[in-house]
Amino acid sequence: MTNKGAFDNAPWRGDTMFYPRDVTEEVRSGNEIVSVVSSYVRLKQSGSYHRGLCPFHNEKTPSFYVMPDKQTFRCYGCGAGGSVLSFIMQIENLKFPEAVEFLAERIHYKLPERGVNDETVRQREIIYEMNKKAARFFYNCLQAEPGSTALAYFNKREVSPETRVKFGLGYAPGHKATVKFLREQGYSEKNLEISGLVIRDKYGGFYDRFSERLMFPIFDVSKRVVGFGGRALNDAGPKYLNSPDTQVFDKSRNLYGIQLAKQSKARDLILVEGYMDVITLFQAGFTNTVAALGTALNQHHARAIKKYRDNVTVLFDSDEAGTKAALRAIPVLLSCGLHINILQVTDAKDPDEYIKKFGGVAFKQLLNTSSDHITFQLAQLKKTFHFNKGDFENISERVRFTTESAKIISKADSAIERDAYAKELSGVTGIAADAINTEINKIINRPAGNRPPGNRPGNHPGNHPGNRVRSAREKSTPQKGVSDAKKGLIYFAATDERVCNELIRVLKPEELVEDVYVKLLTMIFDYRKNGLEFSSASLINDFEELSDHKLISSIFDQTVEYHDATLREKAINDMLKVIKNSFIDTEFHTADFKRMNELKGIRENIKKLYISI
């Protein structure tokens, strides 16, 4: 662990960090990475590593690794990597200081006050403020004369005044009423443009994005208004319209009703399709209901659910489109480690209509009839085969049905569960349960082409060929060769004190040119000179951009093996010369005649340069 405040005045310490380094380091070290990641991803231990399905891209075979000894993670599919702060930045879509705050809250760490010196942060605060004021404006419009038609609609849908207040429901009158209101509040044209509440016209003016629409404010988990959904009261434009993506809103990441559902005492969350389904179920006492915002369910939504519950009941419309949406949702929810039940309403087209027709008590009874996701998928598979008892006279159809069913059953959590499904399937198809279990186990243990080397005997993630430092003998493009040389020397400087001490003597960090490499090598040199300990995770902690985290993670997540010490020494010298010659090449292009002659002399000295390790 680094001494607190040791490098507060170091040249690489920049003024962009909102919190002192010792603070961010305490927050990072206080959040054990496996504990944090496992709340989003189902991890299984594999030797000294933990692995699971990557939350940042779709995959069927785990390529995502968490290394508790390094306190870092790495995906060999998409290349994501970094520390626990990097993980939270990416999975929660947060900036670096926000990720620090998020993790500090998790461990009840009191942060010092931070200065607001970032324009992006100020803009986000302005948008939050504008959304809050706009929501109140829309709510007031609903109660006034312009909102009479909208109010009649809510009354017809049996939405009580208390529920309207709870969800902040309103009405947008249009006719530039929102533009006028925001101008009266003193917001600039720049503020109007970034808010998402209005649209700039071809003449340079503004008009309302939401006109003559019922308004559904969308809240984040902190109960801040981040955007709006608007339902048309006439045939003009789309039936539903959401706010565009802004600095505080992304419809692919938000769940409608989450700010209320997270407070529910229910053990699961109910996932429905629309605003009115959430409102009607909430009003009937099912306060644990959420909905995606007019977009297909994705991993961001699934992670938001997993953050608050381990169990989810998917309740989509009972028509063909709703069934297909439920089937698409299952693998997404499974990838985040959620336990899934599926429910489809009967004698009604959606949950809202069911509650209206039969009431909350009947709906509670209906909830108890929900099936697990495997039973639901098997039932839907039967329909595609037009299954009826005795219909499987065709052996190839029976085999195909059983094989497809085995794929579904293989997703069950436990061997006991899989065996129970296999026996049930055996009774349906007449194929022996042992044969079905054999097929299921084949699917589970099937090797995948994209499996990372960490899954193979004798290897671990660090041996991934794409991440190994190339020796001078390997073919590479000149640009790639320089980049690999920089990564290689940084790796050796960080992992071998003798190498680092020699490099301090002959190499200037600025010779690495790119800011991230220069800063990283400067930090390592400073740590070594001051006799301080450091880790790859603590180095990552001094960079705010995810792209830098990913790059640094790739540098330290490599295994560089040289069985011969002489070859190792030669490789290090080759890297050193590649870097120095590249630096000279860069300067050579802009040098005058005198400087060119000097550079030629320097290049001759580089040829003679050799460090002994």
Cβ-based charge dipole, the range 137-209, positive-most Cα from ALA152, PHE137, VAL198:
VAL198
Mind giving me the FRET efficiency for ALA591 and ASN93? R0 is 56 Å, r the Cβ-Cβ distance, nearest 0.05 is fine.
0.80
Determine the percent antiparallel among the DSSP beta bridges restricted to the chain, to the nearest 5.
75
If I compute solvent accessible area with a 1.4 Å probe over the protein chains, what percent of it on the chain is carbon and sulfur?
50
Compute the convex hull volume of the Cα atoms of the range 325-427, divide it by the residue count, and report the result per residue in Å³ as a whole number.
132
Give LYS70/LYS442; LYS133/LYS262; LYS529/LYS550; LYS166/LYS357; LYS251/LYS487; LYS508/LYS594 a once-over and call out the pairs whose C-alpha atoms are over 29 Å from each other.
LYS70/LYS442; LYS251/LYS487
Accessible area of LEU507 in the full protein assembly, 1.4 Å probe (Å², nearest 10)
10
What number, in percent, do you get for the relative contact order of the chain if the mean sequence gap of Cα pairs under 8 Å and at least 6 apart is divided by its residue count?
12
Probe 1.4 Å, protein heavy atoms only - accessible area per residue of the range 97-206 in square angstrom
55
Stokes-Einstein diffusion coefficient for the range 188-245 at 10 °C in a medium of 1.306 mPa s, Rh from the Kirkwood formula over Cα pairs: what value in µm²/s?
128
Kirkwood Rh over alpha-carbon pairs of the chain, then Stokes-Einstein at 10 °C and 1.306 mPa s: what D in µm² s⁻¹, rounded to an integer?
56
Where both residues lie in the range 219-329, what percent of DSSP beta bridges are antiparallel, nearest 5?
45
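The values are calculated or read from the model by the stated rules, or taken from the named source; none is laboratory data. Since we're looking at a predicted model, the values are computed, not measured. All Cβ positions, glycine included, derive from the backbone under ideal geometry; neighbour counts span all protein chains shown. Ligands, DNA and RNA are stripped out before the accessible areas are found, and what is left, the full protein with its side chains, is counted by its heavy atoms. Shrake-Rupley method; radii C 1.70, N 1.55, O 1.52, S 1.80 Å.
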